[in-house]
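Just below is one structure, and these are the notes that go with it.
Read the figures in this text as sums done on the coordinates, not as results from a lab. Since the structure is predicted, the reported quantities are computational estimates derived from the model, not experimental observations. Cβ atoms come from the backbone with ideal geometry, glycine included; neighbour counts cover every protein chain shown.
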């Protein structure tokens, strides 16, 4: 470490000539540790509180505090220590401003200044036709204004006392960029005068004033320190350099730590050998920033601190590398630095995580700290996700834009919803946000949100904002009331809560302009209503809400400077503010693994350091684009350009390579199917180390282990899958599934036809993705017809009264009115409902004629009656019905006692469409089931292929349908056809319950139903693909015709196995080809 003394200025104390000691240290040394040891050697521990240390970042300040505490324990065994004042230059400047009388409080927030300038900028003639560019141009102009004042070239560029055109042409010179520069200068001066009229004073003005006061001839009473130390700075503008000089002059002793460009570290020399002049005027080398820093701290009129002898003749790249290798033959760098090119980002992330896991496993319970630093946020997200999968908690210091975090997303969704008049997409984004929970009176917020989504997706008509939403909600509630008779709060109330929540924003959406305070107040009010609270508290666990609260407070504090604007402009401006605000998540402390950015690791030391994602166009990052002033003009002014940017990135690279005992550098060779190159700095490093990458770029991702916190039982899974594929017999369900103790005829029919489908749909609850578009199906038609007949035949209703009086015309009118009342609601949005109404009207005459004739012997007693029949009750009734009958069809398999024991807890449910009582004998009844589609034949009922009417008849006779009907007998059971030109039950009932043949059919059918129910409800059931009786069916009879589980069906695995007739596969192939788009 070289320590020549250099006078860098006398600052505010010209009577004292103090010497600033310059410590030139190699980048291979730990800067913070070196500063701590130097401080410990220079000052006794008791005097440390009287010392001042200036560092470039708060993170470096915290790290130095820990280093000092560790040093105190190592050197003197101290358990506690009064630390020196360790601060950043910005924090020291703010404290100095208060002592120097420079006001920093009543200044506009830097984020507000573009918002102030942009509306006025859009009115200038040369930007008037492109107002959308005003916001970006305002930021560009303000950035240039700040740079010019901080680099003290504003006197030439801005000409605050002159006009916009004053000497612009003469200033631009006669170079190739003279015309463009002159035009830029005119516009810059014009906008500067406009800006000064809007913002009379800002924070940059305050810093310039502070530098002139404490660095000028006037005396300012600044606090003294026994020792002032500064180090780690990469770049300082002229004003910052003056402030640093003033801070150093405030110490009885002053020490400045700068990188040593002439050190003997072999990695530094080899890496720098890839530049022809790593510290020269070109400025792109690793020591260019240090050279500029020395020049900035040189006394006015004095020699620069980095004065060097005349340069020798330049050497070629090969000569420089060979010289560096001869002079530094140590293999240390080659041993501690690993270069790894990976096939793609996925492979790279897996490689990094594998290195982390191997390090932690080798270290045991007390691992050395490890850091993963990357300039690529997407790669960092991959690595963090894989670490989490591996059960490793990492300290994530990478921030994300507030716009992509939950609080920012909700803010954007709220504004978009208000601007679109509560359109479906943005409104659902709000309602499904995890922060949102409306105080619904009944049910839960997510349930009502799902119902609203279905309401939106079923509606194909154009949306009509809040009014249309309220109308659709009212229609939906009316349908629910008609079906279920409920009067509890429904969709109208939920929509009302939404309206109340968005009322403040919707009110602003209807106004052309509003103040910023009004916009913020509306956002706060809507946020509170939606979240039952609001972003009103600063919670470190939800730092995105805290950041959003800070933006709102900033806008309210600076509202007086800002012009009123529309809600649309407020939303656009808020989006830019949210995107520019970086928020770091809540971080747990003292974790062994840290994932961070490259800049954050600049002054940090780790035993293991992984530099990931170092590919071209990511590192070095492209220099920030500058749309004002050509590069030549900026250089003549002394403003920073792309060379300074590259120099800072090169210095950062060399620091990072020295910040780890073991360093791994990784990069991908392909991304998105396109080849990518490594970072140019990585290529320079490979040249310096004289070796290629150590990891094969073409290695497949499978070659790198994917770590999991809980290892998957892959062998067991593979064995189970293989057994499942080759098993020739149906197997039991291997995982828990839903119990099936509440069974309907539809469920029993499904079990009988295809147990595998029953397993998928009933027990695993799999179904085809619901098509929520509003359409009218045949099932809807059947439901409405059932409702119309219920209204027509209801006791005391107009239809039944007309029938009983024999008024055929009146009965026709009554049934027509009942049908119209059922079909008409919703027909405006869905005109097909009227087409179906016309279809039913063609059936009405036949229905009325049938009912007039039937009313002579039968009277409707029950309509649309739901029932729940305990299976054990049906078992007892069936056993009594089968007494005296011989044959296996009259006894369940296993016997009656076993059936009764297994039937406990099983219930058969259904809805009886109609039960008529005989006018001659009320104990005689007839069961009717309406059919608007295909009607089962009497032959199918006789063969026990259709058991629905038998189930309903047994339930009636068991007394479970109506408690008032005990001891009745079903003498007829029929399906009631409802088709054009033909309506009513057949002349011969499907179930002739009055005859012995019918009673035997009822008994045998109930035995079969009991067996099906016991099989379907059994927990240890097997689930073959297609039942035996279904395999013999023709193609038209296969249940596959109406099955949506094509994607998970195993029937293809059965092809070629015994037990299936050859014709089955021909019919099945035809069905599959017809249902190509099935689930």
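Given R0 = 60 Å, the distance between the Cβ atoms of residue 156 and residue 866 translates into a calculated FRET efficiency of 0.10. Volume per residue for segment 73-152 equals 188 cubic angstrom (convex hull of Cα atoms). Mind running the shape call on segment 873-916? Use the C-alpha gyration tensor, a ≥ b ≥ c as the square roots of the eigenvalues: rounded below 1.5 for a/c, prolate if a/b tops b/c, oblate otherwise. Cα axes put segment 873-916 in the oblate bin. Taking Cα centroids, how far is segment 939-963 from segment 198-215 in Å? Centre-to-centre (Cα) distance: 94 Å. Residues 201, 738, 235, ranked from the fewest to the most other C-beta atoms within 10 Å, line up as 738, 201, 235.
By the Stokes-Einstein formula, at 0.692 mPa s and 37 °C, segment 737-865 with its Kirkwood radius over alpha-carbon pairs has D equal to 189 µm²/s.
When the Kirkwood radius is taken over all Cα pairs of segment 327-442, what Stokes-Einstein diffusion coefficient follows at 25 °C and 0.890 mPa s, in µm²/s? Roughly 133 µm²/s, to the nearest whole number. When peptides 1007-1020, 552-565 are sorted by average Cβ neighbour count within 10 Å, with the highest value leading, the order is 1007-1020, 552-565.
For segment 628-675, the Cα-based Rg and Dmax, in that order, read 17.0, 44 Å. Of the peptides 438-447, 494-503, the order by per-residue mean of other Cβ atoms within 10 Å, starting with the highest, comes out as 494-503, 438-447.
Residue order for 492, 907, 875, fewest other beta carbons within 10 angstrom first, comes to 492, 907, 875. Ordered from longest to shortest, the equivalent ellipsoid semi-axes for segment 402-583 are 32, 18, 13 Å, each the square root of 5 times a Cα gyration tensor eigenvalue. For residue 904 and residue 767, the difference between the fully extended length at 0.36 nm per residue and the C-alpha to C-alpha distance is 46.4 nm.
A Förster distance of 22 Å, applied to the separation of the beta-carbon atoms of residue 561 and residue 124, puts the FRET efficiency at 0.70.
Each label was represented as a point 7 Å from its Cα along the Cα-to-Cβ direction; for residue 454 and residue 365 these points are 5.6 nm apart. Just to verify a number: FRET efficiency for residue 706 and residue 395, C-beta to C-beta distance, R0 = 30 Å, to 0.05? After rounding to 0.05, the efficiency reads 0.85. Take every pair of alpha-carbon atoms less than 8 Å apart whose residues are at least six positions apart; their mean separation over the length of segment 402-583 yields a relative contact order of 30 percent.
Exposure proxy ranking for 513, 433, 990, based on other Cβ atoms within 10 angstrom of each Cβ and starting from the fewest, stands as 513, 433, 990. Sorting 863-873, 954-964 by average packing, meaning the other beta carbons within 10 Å per residue, from highest down gives 954-964, 863-873. Simple spin-label estimate for residue 66 and residue 891 gives 8.3 nm between the two label positions (7 Å along the Cα-to-Cβ direction from each Cα). In this simple spin-label model, placing a label point 7 Å from the Cα along the Cα-to-Cβ direction at both residue 945 and residue 221 gives a separation of 11.0 nm.
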